[in-house]
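The values are calculated or read from the model by the stated rules, or taken from the named source; none is laboratory data. For clarity, every value in this text was computed on a predicted model and none was experimentally measured. Cβ: placed from backbone, ideal geometry, glycine included. Neighbour counts: every protein chain shown. For the accessible areas, the whole protein counts, side chains as well, though only heavy atoms, and no ligand, DNA or RNA atoms are used. Shrake-Rupley method; radii C 1.70, N 1.55, O 1.52, S 1.80 Å.
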Amino acid sequence: MDAIRKWAGWIAALVLVSLLLLQVPRGIFLLAIAAGAGGLYWLTRPKTKGSARNSPSSQPYGLRPLNKGVDGPDPAALTRRPLHQLQDVRLAAVVLMIQLVRTGAPLTAAERNVIYDLMADPLKIEDRQALFEAAWQLTDRGRVFSPVADDLTPLLVSRLTMDERLQFIDMLTRVANAYGEASDLQQEAIVRLKRRLTTARAANLQR
């Protein structure tokens, strides 16, 4: 391509010089050749900075809006605080319900609906959409569930009674079985969290 551009430029230059030396109508014929060479050069010219600016790869990165039922914004682009700093136990509960699913697969509509139902009862959350979106941004697709649970266990133990902890384990089980049978990984994660919630004392888990 570079060679074509180079020769097209030379041809155009030579023809233009010839036009100064030759008479019409031969000059008109050579003018046509010059026009063709110039057109060839135009078609094979390098792209300018202006055209590169409009390419998709050069556009500034922006967060995609959350679309529940499919994976939403790229979590790497989100600014968020460490999970162990959360103080809202209901937000922590929703984070764990979402992460339990997202560890192995995208969140389905069935799983989302179960989470929304649990947010209404027993969590008694009024603005479910706002809290769901806040919790979503604290989760990652493919992130291992157990470290997330470990960060939030101290909060759950300090704020929930034993009956409430067992109730939360039942909630996680409902979410895991919302779209088919829970996977072995989900079952193991729930069993591990239940063990921690029912055997550890709040004072021993405080950071």
Subject >> Yes/no for GLN186 being modelled with pLDDT of 95 or more, within 23 Å of HIS84 (Cα to Cα), touching a Pro at 6+ places or on another chain (Cβ under 8 Å) and open to solvent by 10 Å² or more (accessible area, probe 1.4 Å) >> reply: no
**OP:** Scan the helices (runs of 4 or more DSSP H) fully inside the range 97-207 and keep the ones with 3 or more residues being in contact (Cβ under 8 Å) with a residue 12 or more places away in the chain.
**Re:** 109-120, 128-136, 145-159, 162-176, 184-199
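Out of everything in the range 155-179 that is small (Gly, Ala, Ser) and surrounded by fewer than 22 Cβ atoms within 10 Å (Cβ to Cβ), what residue ends up being farthest from ARG192 (Cα to Cα)?
Filtering the range 155-179 for residues that are small (Gly, Ala, Ser) and surrounded by fewer than 22 Cβ atoms within 10 Å (Cβ to Cβ), the one farthest from ARG192 (Cα to Cα) comes out as ALA178.
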Original post:
Would it be correct to say that ILE125 is surrounded by 18 or more Cβ atoms within 10 Å (Cβ to Cβ) and closer than 15 Å to VAL114 by Cα?
Top reply: yes
Original post:
Looking only at the range 89-121, which residues are under 16 Å from ASP170 (Cα atoms), of a type in the set (A, V, I, L, M) and open to solvent by less than 10 Å² (accessible area, probe 1.4 Å)?
Top reply: ALA92, ALA93, VAL94, VAL95, LEU96, MET97, ILE98, LEU100, VAL101, ILE115, LEU118, MET119
Subject >> Within the range 79-117, tally of residues that are modelled with pLDDT of 95 or more, β-branched (Val, Ile, Thr) and farther than 13 Å from ARG143 by Cα >> reply: 5
Original post:
Out of all the residues in the range 142-154, is one or more surrounded by fewer than 15 Cβ atoms within 10 Å (Cβ to Cβ), over 22 Å from the mean Cα position of the chain (by Cα), at pLDDT below 95 and closer than 14 Å to LEU107 by Cβ?
Top reply: no
